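Below: the structure, in structure tokens.
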Amino acid sequence: MTQEVFEIVKGMDLKNIETQLALQCAPLLTGIKVSNLLIVPLSNEKMVRGLLRKTGISCYRLLNTGKKITFLLFRRKQLEAFLEDQEAREVLKEQGYERFTLGGILADFQKRYQEYKDGILPFPHEMGILLGYPIEDVTGFIHNKGKNYLYSGYWKVYGNIHEKLDLFQRYQKAKETLIQLLASGFSMESIIESYGKNELQNAAV
């Protein structure tokens, strides 16, 4: 993050939902990524759902701790297409999945994630699939048990490092762009709508 944007963030209300969406979900909101996790206080659930209602971004609750809530935010068509990829499907099969509709995958993952948080199951590494990570990096992480990676950024990289470094830079640029737009007075709803119409795509590239 540039010093200029860092100073902007220091002056922002970090409890504000729009700020947290920019900080946690910029790659999704700008159309670079199919999904992102969003973790916010439980009291903000209705606000999140209301803000995203007409944006074309779906909101699925993965975990409720009683204090915080974890959402998977995603663009439905893009995530469905990613999950239909043969390699992604094979990873899910290897992890024991038997239902392959988006709803079935999300419901099964939600159960596994809850059981992981309850200390019943190990971490469900197929989360990387739901987050749209490159398949080679998801399988590399699983087979290497999180070790022997080439680089650690938004995730641990096991192949095509230069391509991933470029992608990580685009993610960072997207975050900085959204922060600057919010600070300039744009609402998150208008930002998402503009990216949906490709009006701001060049700003995040």
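The values are calculated or read from the model by the stated rules, or taken from the named source; none is laboratory data. Note that the structure is predicted; figures quoted are calculated from it, not measured. So basically every Cβ, Gly included, is an ideal-geometry build from the backbone, and we count neighbours across all protein chains shown. SASA here: full protein model, heavy atoms, side chains in, ligands and nucleic acids out. Shrake-Rupley method; radii C 1.70, N 1.55, O 1.52, S 1.80 Å.
For the chain, the longest piece that avoids every one of the trypsin sites (Lys or Arg not before Pro) found in DSSP loops with at most 12 other C-beta atoms within 10 Å covers 148-196.
Sorting Ser184, Ser58, Ser152 on solvent-accessible area from highest to lowest, probe radius 1.4 Å, gives Ser184, Ser152, Ser58.
When the accessible area of region 57-205 is split by element with a 1.4 Å probe, what percent falls to carbon and sulfur? List each step's numbers first, then the result.
Values: 3800 of 8110 Å².
Carbon and sulfur together cover 47 percent of it.
Each Lys and Arg adds +1 at its Cβ and each Asp and Glu adds -1 at its Cβ; summed about the Cα centre, region 53-175 shows a dipole of about 820 debye. Relative contact order of region 1-98, taken over Cα pairs closer than 8 Å and 6 or more residues apart, is 22 percent. For chymotrypsin sites (Phe, Trp or Tyr not before Pro), the sites in region 1-109 that DSSP calls loop and that have at most 15 other Cβ atoms within 10 Å are Phe100.
Per residue, how many Å² of accessible area does the chain show with a 1.4 Å probe?
Numbers: 11040 Å² over 205 residues.
With the other protein chains kept in place, the chain gives 54 Å² per residue.
Length gain on complete extension for the stretch Glu115 to Ala81, per 0.36 nm per residue less the alpha carbon to alpha carbon distance?
Details: separation 34, 0.36 × 34 = 12.24 nm, distance 2.72 nm.
Gain on extension, Glu115 to Ala81, equals 9.5 nm.
Among the GluC sites (Glu not before Pro) in region 95-137, those placed in a DSSP loop whose Cβ has at most 14 other Cβ atoms within 10 Å are Glu98. Which whole-angstrom value gives the distance between the alpha carbon centres of region 38-65 and region 1-27? Region 38-65 and region 1-27 have Cα centres separated by 18 Å.
In terms of overall dimensions, the chain has a Cα radius of gyration and Dmax of 17.2, 48 angstrom. Hydrophobic, long helices, defined as DSSP H runs whose alpha-carbon span along the helix axis is 30 Å or greater and whose mean Kyte-Doolittle value is at least -1.0, occur in the chain at 161-183.
Projecting the Cα atoms of Phe123, Asn44, Pro27 onto the charge dipole of the chain, computed from C-beta unit charges around the Cα centre, puts Asn44 farthest toward the positive end. Residues whose amide H falls under 5 Å from that of Leu63, counting only those 5 or more places apart or on a different chain, are Thr70, with hydrogens built in the peptide plane. In the chain, helical runs assigned H by DSSP with n ≥ 4 each contribute -39500 (n - 2.57); averaged across all residues and rounded to the nearest 500, the mean residue ellipticity at 222 nm is -15500 deg cm²/dmol. Residues whose amide H falls under 5 Å from that of Tyr151, counting only those 5 or more places apart or on a different chain, are Val157, with hydrogens built in the peptide plane.
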